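Asks: Attaching a single structure in C-alpha cells format; questions to follow.
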Amino acid sequence: MKVTLSFDNGPEPEITDRVLDALRAAQVRSTFFLIGRKLADPARRARAERAYAEGHWIGNHSLTHGRPLGRREDRDGAEEEIGSAQRLLGPLAHPDKFFRPFGAGALDSSLLNRRAVDYLCAGGFTCVLWTTVPRDWEDPLGWVERALNDCRTRPWSVVVLHDLPTGAMRQLDRFIARLRDARAEIVQEFPPECVPILRGRVNGPLDQYVAA
C-alpha cells in the first residue's frame, strides 16, 4: 500500500518543529497545508520556511479556516480565503498552487461553492482532497490505530494530520514506524482521485464537493 502524509492548520512553533524532526529522522517528505493568517507571525512563518527548505510541499488551507466555503451564506469568499492566503504563502507555495478546502474532514458539498471552483480554475490552482482523517485533534493517542486500519482498506491513502498543540504529534514517530512495519510505501505525491482540479483544469468528479 501507498500512503501520503499531509499536515493541516499550522504552522505552530514547537509542534511543527516536532513534526519536521520526525519526518527528517524517517526520511519522509510531506505537504503542509497552512492557514494564511498564521504566516503574519514571524515565528510561525519561520516554521513554514523550514518545512520548505527541507523539501516539503507547501499548500494553501485558506486565510482564516473559518466557515467552509460551501456553507457561506454569500456563496463567495474565494478571493478573501484563497487568494489572500496564496499571497501570504508567496514563494513558499508549491508551483501547482495546492489548495485544500476545509470541512471537519467531511468529503461533501460543504467544501466548495461555484465561485470558489471558478476562482481555482481561473487561477491555475490544484485542489487536493484526502481519504483518511483519523481525527487526531480529538484523540491524541487513539488516532494511530484508526489511521492504520483505514489505510489498509485501499491501495493509496492520503492521511490528514494536524500540527497543532493537542499532543497528537507525539505519536507521529510511532505511526510512521507502524506504516513501515506494514510495508507501506510513504510517498509525497497525491493519487489522481484526490485531485479533482489540477492546475486549473477539472480532473475528476467535482459536483459532490460543491454546494448547490
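The numbers here are math on the coordinates, done by the rules we state, and not lab data. Small disclaimer: the values here were computed from a predicted structure and weren't measured. Every residue, glycine among them, receives a Cβ derived from its backbone with ideal geometry; neighbour counts consider all protein chains shown.
Asks: Find, to one decimal place in angstroms, the Kirkwood hydrodynamic radius of the stretch 95-212, where the mean of 1/r is taken over every pair of different Cα atoms and then inverted.
Replies: Working: mean 1/r = 0.0648 Å⁻¹.
After inverting the mean inverse Cα-Cα distance, the result is 15.4 Å.
Asks: Got a sec to turn the phi values of the stretch 161-171 into Karplus ³J(HN,Hα) couplings, 6.51 cos²θ - 1.76 cosθ + 1.60 with θ = phi - 60°, whole Hz, x for Gly and Pro?
Replies: So the J values, rounded to whole Hz, are 10, 9, 8, 10, x, 9, x, 5, 6, 5, 9.
Asks: Shifting gears a bit: What ³J(HN,Hα) values, in whole Hz, does the Karplus curve 6.51 cos²θ - 1.76 cosθ + 1.60 give for the stretch 83-95 when θ = phi - 60°, with x put for Gly and Pro?
Replies: Residue by residue, the stretch 83-95 yields x, 5, 5, 5, 5, 5, 5, x, x, 6, 5, 4, x Hz.
Asks: To the nearest 0.05, what FRET efficiency results for Asp118 and Arg170 with a Förster distance of 41 Å applied to their C-beta separation?
Replies: FRET efficiency, Asp118 to Arg170: 0.50.
Asks: Here's something else I'd like to know. Where nothing but the Cβ of Lys and Arg (+1) and of Asp and Glu (-1) is charged, how large is the charge dipole of the stretch 104-212 around its Cα centre, in debye to the nearest 20?
Replies: That gives a dipole near 160 debye.
Asks: Once you put a point 7 Å from the Cα of Ala182 and another 7 Å from the Cα of Ala25, both along the Cβ direction, what distance in nm separates them?
Replies: Between Ala182 and Ala25, the label points sit 2.1 nm apart.
Asks: Turning to a different aspect of this structure: For the chain, max minus min Cα coordinate along each principal axis, in Å, sorted largest first?
Replies: Reported extents, whole Å, longest axis first: 45, 39, 29.
Asks: Could I have the simple spin-label model distance between Met1 and Arg71, label points 7 Å from Cα toward Cβ, reported in nm to one decimal?
Replies: 2.9 nm
Asks: Would you grab the residues whose amide H sits under 5 Å from the one on Ile197? Only those 5+ places off in sequence or on another chain, please, with H modelled 1.01 Å from N.
Replies: Hits under the 5 Å cutoff: Cys127, Asn203.
Asks: Based on the Cα gyration tensor of the stretch 126-178, what are the three equivalent ellipsoid semi-axes, each the root of five times an eigenvalue, rounded to whole Å and given largest first?
Replies: Numbers: eigenvalues 65, 40, 17 Å².
Here the semi-axes work out to 18, 14, 9 Å.
Asks: Okay, next question. Compute the Kirkwood hydrodynamic radius of the stretch 1-127, taking the inverse of the mean of 1/r over all pairs of distinct Cα atoms, and give it in Å to one decimal.
Replies: It is 14.8 Å.
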